[in-house]
Structure formats: C-alpha cells, structure tokens
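J.: Before anything else, here's the structure in question.
The values are calculated or read from the model by the stated rules, or taken from the named source; none is laboratory data. All of these numbers come straight from a predicted model, not from anything done at the bench. Cβ sites come from the backbone with ideal geometry, for glycine too, and all protein chains shown count toward neighbours.
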Ligand code: URA
C-alpha cells in the first residue's frame, strides 16, 4: 500500500528540494522538514490511551500515546537526515542503522553495517530511505528487519519510482510506503526522473 502525502506544504518543500539551485544547507533542512511531515502521516494510526492528569483547571482523562514503542531505522547514509528530522517529533524513539552496498558480481544488496535496537521485535518500525529507486536496498533492509523480528514496518521515502514501489509491493505486501511524491520512472543510470539527483550527495555536499 502506498500513501502519498499530498499536503501543499510537503509538495512545496519537495519542489524546492528538486531545484538544482538549492544548496546543501537548505536541502538538508528541507529533507528533515519533509520527513517530519511524512511522519505526521505515517504515525496517524499510533495507539492512544486515556491518561489521568490535572490541568490548571480540573482533573480528567486525556489521550496520550500508548502501545508499542517506536524505532526509526535509517538506511545509510541518506536515511540519516530523515531519522534526525523525525526525532524532533518522537525524541524517545530508538534508532537503528542499516548499511548496504551492491555486490558488483551478483548486483545483490549486501549488509556491511547493522545496528538495531535489541527489542526491535516489540517496536513499530519506521524505515527511512529518501529515494525509493530500484527498491533493491529497501527490500533487503525490510527483510533484514523482519529476520530480526520486526513485525510492523512502514517505509518512509521522499520520492519513489514506480519500479521501486512494485518491488516492495511484490516482496513485502504488508509494508506501507509513505512517500511525498511518486515520480515518472528510473533512467538508465538508476536515477529517479525527474527526481532530485543523488540525495546523499545533496545532503552531505559530496560528489
Ligand atoms: N538514489 C538517489 O539518491 N537518487 C536517485 O535518483 C536514485 C537513487
């Protein structure tokens, strides 16, 4: 299932990210802001329980978050800026990291770094990867999370290509994809079109 967040603020900020003239500082800030807005939507179904407290006027039962705790998991390196942004909303969430590279022979994603919260199986997981392109890395990361016991996983992306969405829907039909925009296609180099270029390079100012 794909949830496209069509809110005007999100669309405006994503267009600024697409602009080739947007510099590193602004791009990074926008990525964090868009991620917060995506999280607002992705976390719409978090559980609430009435909690007894006293306002300056009177006592009462008021809704507060309950149920499973949260884990944010970044696919290195571009997913980091997304988890940093989302932590502004849910500062008590635990954070995991998954690093993958593509084996030049098999072209399959291979994990070179993984560090997850020990209780990942008891947490709702929000996996961050700004660009869902071929879907290979995201699908492998989801499988890794499932192998570690994670049961409820949402994939949060800023842009997605239809090709990447199809791979996640095929491999992990239980995983909801929350995305700001679904673009046209992938080009021959695996870039999303029209896209925003290489998200990692634009976030970190590398080439
Ligand atoms: N990764 C990126 O950073 N950009 C793309 O367009 C595709 C994959």
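J.: Quick check: is even one residue across region 103-118 crowded, with 16+ Cβ neighbours inside 10 Å, touching a residue at least 12 places away in the same chain (Cβ under 8 Å) and under 19 Å from residue 192 (Cα atoms)?
T.: Yes; the residues of region 103-118 include at least one that is crowded, with 16+ Cβ neighbours inside 10 Å, touching a residue at least 12 places away in the same chain (Cβ under 8 Å) and under 19 Å from residue 192 (Cα atoms).
J.: Quick check, is residue 205 away from the ligand (no atom under 12 Å from the Cβ), on the phi > 0 side of the Ramachandran plot and over 17 Å from the mean Cα position of the chain (by Cα)?
T.: Spelling it out, residue 205 is indeed away from the ligand (no atom under 12 Å from the Cβ), on the phi > 0 side of the Ramachandran plot and over 17 Å from the mean Cα position of the chain (by Cα).
J.: Yes or no: region 145-156 includes at least one residue that is closer than 18 Å to residue 10 by Cα and either free of Cβ contacts under 8 Å to residues at least 40 places away in the same chain or within 12 Å of the ligand (Cβ to nearest atom) (or both).
T.: So far as region 145-156 goes, yes, one or more of its residues are closer than 18 Å to residue 10 by Cα and either free of Cβ contacts under 8 Å to residues at least 40 places away in the same chain or within 12 Å of the ligand (Cβ to nearest atom) (or both).
J.: I'm checking my understanding of the structure. Among residues of region 67-80 that are outside any strand (DSSP E or B) and surrounded by 12 or more Cβ atoms within 10 Å (Cβ to Cβ), which one is modelled with the lowest pLDDT?
T.: Ranking the qualifying residues of region 67-80, first place goes to 68.
J.: Condition test on residue 12, is it under 30 Å from residue 201 (Cα atoms), assigned to a helix (DSSP H, G or I), modelled with pLDDT of 95 or more and out of contact with any strand residue (DSSP E or B) (no Cβ under 8 Å at 6 or more places or on another chain)?
T.: Considered against the rule, which asks whether it is under 30 Å from residue 201 (Cα atoms), assigned to a helix (DSSP H, G or I), modelled with pLDDT of 95 or more and out of contact with any strand residue (DSSP E or B) (no Cβ under 8 Å at 6 or more places or on another chain), residue 12 comes out as yes.
J.: Within region 1-21, which residues are more than 16 Å from residue 157 (Cα to Cα) and touching a residue at least 40 places away in the same chain (Cβ under 8 Å)?
T.: Hit for region 1-21 is 20, nothing else.
So that you can scan it fast, the table gives a plain yes or no per residue for (1) within 14 Å of the ligand (Cβ to nearest atom); (2) out of contact with any strand residue (DSSP E or B) (no Cβ under 6 Å at 6 or more places or on another chain); (3) under 13 Å from residue 132 (Cα atoms):
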| site | (1), (2), (3) |
| --- | --- |
| 163 | yes, no, yes |
| 169 | no, yes, yes |
| 174 | no, yes, no |
| 184 | yes, no, yes |
| 191 | yes, yes, yes |
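J.: Here is a further query. If you take just the strands (runs of 3 or more DSSP E) that sit entirely in region 101-180, which of them hold at least 3 residues that are at pLDDT below 95?
T.: Because the criterion is at least 3 residues that are at pLDDT below 95, the strands (runs of 3 or more DSSP E) in region 101-180 that meet it are 109-115.
J.: Would you mind finding the one in 74, 39 that is in contact (Cβ under 8 Å) with a residue 12 or more places away in the chain and within 16 Å of residue 203 (Cβ to Cβ)?
T.: 74
J.: May I pose another question? Looking at (1) assigned to a helix (DSSP H, G or I); (2) surrounded by fewer than 18 Cβ atoms within 10 Å (Cβ to Cβ), which is the only condition residue 89 fails?
T.: (1)
J.: Which condition breaks for residue 49 when tested against (1) farther than 28 Å from residue 171 by Cα; (2) in contact (Cβ under 8 Å) with a residue 40 or more places away in the chain?
T.: Unmet for residue 49, out of (1) farther than 28 Å from residue 171 by Cα; (2) in contact (Cβ under 8 Å) with a residue 40 or more places away in the chain: (2).
J.: Here are the criteria: (1) over 14 Å from the mean Cα position of the chain (by Cα); (2) more than 10 Å from the ligand (Cβ to nearest atom); (3) surrounded by 13 or more Cβ atoms within 10 Å (Cβ to Cβ); (4) farther than 16 Å from residue 75 by Cβ. Tell me which single one residue 195 does not satisfy.
T.: (2)
J.: Quick one: in region 23-34, which of the residues that are touching a helix residue (DSSP H, G or I) at 6+ places or on another chain (Cβ under 8 Å) and without any contact (Cβ under 8 Å) to a residue 60 or more places away in the chain is farthest from residue 74 (Cα to Cα)?
T.: That would be 26.
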